[in-house]
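Right, one structure below, let's go through it.
Throughout, read-outs are computed from the coordinates displayed, never taken from laboratory work. As the structure is a computational prediction, the values presented were derived from the model and not from experiment. All Cβ positions, even for glycine, are placed from backbone atoms using ideal geometry, and neighbour counts span all protein chains on display.
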Amino acid sequence: MLQLNIHHLMLKNFPEGEVKSSRSVKTARTQSDRTASAAASLIGINKSKRENDISENQSITPLITPPPTPAPPAATKKQDDSSRQTRQSLYLPAPGEKAPESPPPPRTPTASLYLPAPGEKTPPPNPMLNDSNYRLSSASNTSLASSAAADAAASISDSSVEGDKNPDDFITIPTKKLVFNSPFDYQALTYHVTVKNNSKKWIAYAIKSNAIPRVTAMPPSGILKPGDKQVIGITVQKFVYYDIDASKDRIAFDYLFCPAETKVFTHSLLQGTATRRRKNIKIEYNP
C-alpha cells in the first residue's frame with residue numbers, strides 16, 4: 001500500500017512527457033544490453049568452435065605412415081690375416097722381423113728315442129740299452145753266416161713247441177715284418193706293434209734285438225693276462241743307410257706261459273725249465 005502511494009506521488013509530480021521519456025530510455029538500455037549480450041554469446045560460440053576444430057585437427061593421425069628410413073650399411077672391416085703368420089717362419093717373416101740366416105740343426109738324441117702311443121705316458125729310460133738279456137747275441141749284422149745260424153736257431157725254437165701249445169696263443173700285428181721308409185738320417189722313426197694274449201693262460205714276454213742301440217722296443221717286456229693287448233713302440237735311431245749293412249735287422253718275441261697272478265716280469269721266468277717260444281719279426285728299410 002505504501003509502494004502504490006509512492007508511485008502515485010511520483011506520477012503526480014512529474015509531467016506525462018517526462019515519464020514517457022524515462023521509459024523510452026530504459027527500454028533502449030535494455031535492448032542495448034540484450035544486443036551486447038547476444039553479440040558476446042555469438043563471439044564466445046565462434047571462439048569455442050574454433051578451439052574445438054583446432055583440437056580435432058591436432059588429434060587426427062594419418063592412416064598411412066611413411067616407411068622408416070633404412071639405416072646406412074655398416075662399414076665392412078677388412079680381414080686381417082697377419083695373425084696367421086708364424087713368427088718363427090723361415091720363409092714368411094713377420095713384419096719388421098728379420099728372417100734367420102739358417103734353420104737350427106736337428107737335435108741328436110743321445111739315447112734311444114721312443115714315441116709313446118696316443119694317450120700313453122712318457123716311459124722311463126729304455127732298459128734294453130744296458131741289459132744284455134735283451135740282445136740277440138747269436139746274430140750279427142757283419143756276419144751273414146751268424147745271421148743265418150740265428151734264423152735257423154729261431155726256427156728250431158719255434159718248431160720245438162709242445163703238442164698242447166697253440167702257435168696263435170701269442171699274436172703280433174704285424175706278424176712277420178716291419179717296413180720303415182726313408183729318410184733315415186733325419187730323426188728316429190717309430191713303428192707301433194700290437195701284441196695280444198689269445199690264450200686262456202697268463203703269458204710273460206720279452207723283446208730282443210740284434211741291432212741295439214739302433215733298434216729298440218718300449219716297453220721291452222711284460223705280462224699279459226688272457227685276452228689282454230699291449231702296444232709296443234719299435235724305434236729305429238737315425239743312421240746313414242749306405243754306410244752300414246742293415247739288411248739283417250730283426251727283433252724277436254720270446255714268450256711262455258707263466259703262473260697266474262704274476263705281477264712283474266723278470267728274466268728268470270724265461271730262464272726256467274718251461275718251454276719258451278719265439279716269434280721273429282724282420283725289419284726292412286725302404287730307401
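For every other residue with a beta carbon closer than 15 angstrom to the beta carbon of residue 240, add +1 if it is Lys or Arg and -1 if Asp or Glu, then tell me the sum.
On the way: positive: 214, 238; negative: 185, 243, 245, 249.
So the surrounding residues net to -2.
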How would 196, 208, 225 line up from fewest to most surrounding beta-carbon atoms within 10 angstrom?
225, 196, 208
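Anything over 29 Å Cα to Cα? Flag those among 200/238; 201/238; 177/201, in the order listed. Please report the intermediate quantities before stating the final value.
Working: 200/238 40 Å; 201/238 39 Å; 177/201 26 Å.
Those over the limit are 200/238; 201/238.
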What's the extension gain from residue 34 to residue 228 if we count 0.36 nm per residue and subtract their Cα-Cα distance?
57.3 nm
With the crude spin-label approximation of a point 7 Å out along Cα→Cβ, what separation in nm comes out for residue 286 versus residue 192?
1.9
Fewest Cβ neighbours within 10 Å first, please rank 231, 193, 240 accordingly.
240, 231, 193
Quickly work out the residue 69-to-residue 176 label distance, labels modelled 7 Å from Cα along the C-beta direction, and quote it in nm with one decimal.
8.5
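Give me the number: length gained by fully extending residue 133 to residue 240, i.e. 0.36 nm times residue separation minus the C-alpha to C-alpha distance, one decimal in nm. Display every interim value, and only then the final one.
Values: separation 107, 0.36 × 107 = 38.52 nm, distance 2.72 nm.
Net length gain for the segment: 35.8 nm.
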Scoring only Lys, Arg, Asp and Glu (+1, +1, -1, -1) among other residues with Cβ under 14 Å from the Cβ of residue 261 yields +2
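Among 284, 261, rank each residue by its count of other Cβ atoms within 10 Å, from fewest to most, as a rough exposure measure.
On the way: 284 13, 261 8.
Exposure proxy ranking, most exposed first: 261, 284.
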Taking θ as phi - 60°, what are the ³J(HN,Hα) couplings along the stretch 166-183 by the Karplus curve (6.51, -1.76, 1.60), each to the nearest whole Hz, with x for Gly and Pro?
9, x, 8, 5, 10, 10, 10, 10, x, 9, 10, 8, 10, 10, 9, 9, 5, x
